[in-house]
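Written below as structure tokens is the structure these notes are about.
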């Protein structure tokens, strides 16, 4: 049996920046909250076709549909992978924010 | 230290210029993504979860202060102020923009660095022993061989589009610090009965979804035959290796399916057919030139047992612990090699900030003959430190939080970037490592446990080398939930072994407790100062399994 369609948004990576972006009514946005929603397979196909045009125009690469739930009207991906991707950051502190406190103390001094 | 000759300079500069033109053509739409992708991959540029990722080669893991400073500069100018040292002795930048990559490659080329052979289905950058030229038991510096292989393999027309990537490691010591038996081809420098130096050639090792320990292809290969033999080995693989299924395309599958004897017969036949070809190890002048570049630095005579060292160790227990854990014997009296642990408690394993890179560069320039080595365990080695200078080195590293005295201990965890960065990952690795580190943060506790390597991969591709961790952790996705399989008994050294699964996997939250249970059981079972691995090899899986699954039974 075919998997039931779940509400989805389209994501891709910005060609120049490489960052994850989401297809909204006025183009691509970093904020998944501005993404257009597909509630049916047909709407999903429509969004994918629209995204493909942006690929041809060299705006984005590797678009695909991401299944989401709506929480207070805001799309939240079902998969952890996609939630991390939509957050635009690792789940852990990185760089200077992750260095042990002694180094941070020294910098503050 | 190896230095580029004119040819190398030109090759790297031309390659950087070529990629600049390719990026320009991609940005103006002349190249599609399908056309551009293989080109960017041949220059170390991946597209990851959040952004592009640039993998920079550090051949044989060796670099100097100037190069480390340049990496710091790149991190600050074009990335987010840090980089990630990998299990293949490379460094990865996680946030470069496509339009900036040509400038980054130019900046690298200025200091004799590049991103060639860091990705794609080619012969990848050769890895080697971080204690090359240092270890007292070493027969010969393996980097000379590694450099010969680099010259032979770079842009090799026949081997630029192999069925799959191909990794070679070279070690010059019997005690293996290169995971030589887990490579497509592993070369161990040995002496034969006549006292001649040559190579023991291993083939078909690897990790990933089908882990295998390499088998012996040749017990002794004369040095002069090296390139011809490698050419033959690669040619047979290139001819017969599968291209219909990328998961079965590595040489380990070919060797496994045909049998090593059959593979060897074909290699030897090809090797014989190459007899008389001009593919010989360059004798005399060129070899002498390469060898001279890797000649040990002229180290001034220093005190063999400086009184100041013992005095400071008594005054500063943290320093004494660090000296005890993070230094290695050096062939020159009065000197030692220092491991700079990139595993401070709670930081992402293998990461270093620009500030930390500069601090390491400065310490290397002042106290380690201007040399640094990246290890496959995601640490950095200062190879030539005088014992009398150790405290200054320690203080310099401590100032930037790099004084963790944990080399080879339970908190010296190898971890791949996992789901926090990697497009292929199925589970997180970094936070798992951090939680385990926090659990065992006490230096006394770590010392009590002794040598214990934990290695974590966030997917079946095994970049975190979990198969050869004394305790291996493999993160998978089970119906949308992270699940972690545990393996025990893995070993990456000359006594290489693949870890065995304990049983059903555990949830993300359970993993630190699971490791705690395994360590507790080991401490109950061990005899004398037995290590975890020795205990496991004596008692087997059952007692550990009981401890983990007793409640479920």
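Where a number appears in this text, it was derived from the coordinates with a stated rule and is not lab data. A quick note: this is a predicted structure, and the numbers were derived from the prediction, not measured. Methodologically, a virtual Cβ is constructed for each residue, glycine included, from the backbone with ideal geometry; neighbour enumeration extends over all protein chains shown.
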Original post:
Counting only other chains, what is the mean number of Cβ atoms within 10 angstrom of the Cβ of each residue in peptide A:35-48?
Top reply: 0
Original post:
Based on the mean of other beta carbon atoms within 10 Å per residue, what is the order of B:537-544, B:70-77, most packed first?
Top reply: B:70-77, B:537-544
**OP:** Quick one: grab Rg to one decimal and Dmax as a whole number for the protein assembly as shown, Cα atoms only, in Å.
**Re:** 25.2, 79
**OP:** Using only atoms on other chains, find how many Cβ atoms lie within 10 Å of each Cβ of peptide A:83-92 and report the average.
**Re:** 5
**OP:** Label the range B:98-137 by shape, choosing from rounded, prolate and oblate, from the square roots a ≥ b ≥ c of the eigenvalues of the Cα gyration tensor; if a/c is under 1.5 it is rounded, and otherwise prolate applies when a/b is larger than b/c, oblate when it is not.
**Re:** oblate
**OP:** Note the angle between two axes, namely the Cα long axis of helix A:41-56 and the longest principal axis of the Cα atoms of chain A, as a number of degrees from 0 to 90, rounded to the nearest 10.
**Re:** 60
Original post:
Antiparallel as a % of all DSSP beta bridges within the protein assembly as shown, to the nearest 5?
Top reply: 85
**OP:** With a/c under 1.5 counting as rounded, go ahead and sort chain B into rounded, prolate or oblate using the C-alpha gyration tensor (a ≥ b ≥ c being the square roots of the eigenvalues; past the cut-off, prolate if a/b is larger than b/c, else oblate).
**Re:** rounded
Original post:
Can you list, largest first and rounded to whole Å, the semi-axes you get for the range B:435-553 by taking the square root of 5 times each eigenvalue of its Cα gyration tensor?
Top reply: 21, 16, 15
Subject >> Packing-based order for B:251-262, B:283-294, using average beta carbon neighbours within 10 Å, highest first >> reply: B:251-262, B:283-294
Subject >> Choice from A:41, A:75, A:90 with maximal GNM fluctuation in chain A (Cα, 10 Å cutoff) >> reply: A:90
Original post:
Efficiency by 1/(1 + (r/R0)^6): what FRET value for residue B:320 and residue B:444, r their Cβ-Cβ distance, R0 = 22 Å, to the nearest 0.05?
Top reply: 0.95
**OP:** Just tell me how shielded B:46-54 is by partners: mean number of partner chain Cβ atoms within 10 Å of each residue's Cβ, no decimals.
**Re:** 5
**OP:** Assign one of three labels to the range B:196-237, namely rounded, prolate or oblate, based on the Cα gyration tensor with a ≥ b ≥ c the square roots of its eigenvalues; rounded applies when a/c is under 1.5, prolate when it is not and a/b is larger than b/c, and oblate otherwise.
**Re:** oblate
